[in-house]
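Take a look at the structure set out below.
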Amino acid sequence: AGGTKSAEKHDVAKQADSPKVTFAELYDYRIVAEYPHSARSYTQGLQYVDGVMWEGTGQEGRSHLQRISLATGKVDIVASLPNSEFGEGITLFKEHIYQLTWLSRKAHVYNLEGKHLRTISYEGEGWGITTDGERLYMSDGTATIRLVNPETLATEGSICVMYNGEPLGNINELEWGE
């Protein structure tokens with residue numbers, strides 16, 4: 001009987017150490033409306049919150065955080081990144097907008113009026129960012145989605161995206177859906 005208990009404990013420990021496997025739900029979509037959009041905006045992040053369309057654009061010298069009127073397509077640039085930075089994903093988290101940069105390893109944080117509040121440095125490239133309302137999730141073009149601290153962007157956990165048992169690279173734009 002002692003051998004059985006030892007084997008059971010080993011199996012439980014082995015299960016606890018195994019990564020959790022979760023399968024993504026597949027969603028369908030349908031186009032319900034079309035809106036005008038500036039062809040000069042190289043969209044890297046997009047978020048619709050409380051009637052406001054926020055857009056983060058990329059390209060060195062043309063990276064902005066902007067609001068867009070859905071009715072007219074009019075662009076209101078609320079902040080511009082330094083010419084050397086390529087803007088990437090954006091997300092709204094607890095009354096702040098986070099905008100990543102691709103290679104500069106910096107995130108710019110703004111209030112909802114577009115006033116720059118601070119810059120946070122982080123490790124690796126910045127591609128996509130999203131939130132579940134409690135935490136931030138970042139992608140960097142690899143198969144890993146990092147759970148990051150909102151104050152420091154330090155990694156607090158990670159998720160490896162797999163497809164057919166293999167890591168799926170080039171994970172970019174992130175969205176949170178419930």
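The values are calculated or read from the model by the stated rules, or taken from the named source; none is laboratory data. Since this is a predicted model, take the numbers as computed values, not measurements. So basically every Cβ, Gly included, is an ideal-geometry build from the backbone, and we count neighbours across all protein chains shown. Only protein heavy atoms, including side chains, enter the accessible area calculation; ligands, DNA and RNA are left aside. Shrake-Rupley method; radii C 1.70, N 1.55, O 1.52, S 1.80 Å.
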Given (1) part of a strand (DSSP E or B); (2) more than 11 Å from the chain's Cα centre (by Cα); (3) of a type in the set (A, V, I, L, M), index of the condition L147 fails: (2)
Find the residue count for segment 150-171, including only residues that are part of a loop (DSSP other than H, G, I, E, B) and either in contact (Cβ under 8 Å) with a residue 60 or more places away in the chain or under 13 Å from T91 (Cβ atoms) (or both). 2
Is segment 91-106 home to any residue that is small (G, A, S) and in a strand (DSSP E or B)? no
R118 fails exactly one of the following numbered conditions: (1) surrounded by 15 or more Cβ atoms within 10 Å (Cβ to Cβ); (2) over 16 Å from the mean Cα position of the chain (by Cα); (3) outside any loop (DSSP other than H, G, I, E, B). What is the number of that condition? (1)
Might you let me know whether segment 76-87 holds any residue that is open to solvent by 70 Å² or more (accessible area, probe 1.4 Å), outside any strand (DSSP E or B) and either touching a Pro at 6+ places or on another chain (Cβ under 7 Å) or of a type in the set (K, R) (or both)? no
So which residues in segment 144-178 are acidic (D, E) and at pLDDT 95 or above? E151, E156
In segment 63-114, how many are among the β-branched types (V, I, T) and more than 13 Å from the chain's Cα centre (by Cα)? 6
From G141, G133, residue being open to solvent by less than 70 Å² (accessible area, probe 1.4 Å), out of contact with any strand residue (DSSP E or B) (no Cβ under 7 Å at 6 or more places or on another chain) and at pLDDT below 95: G133
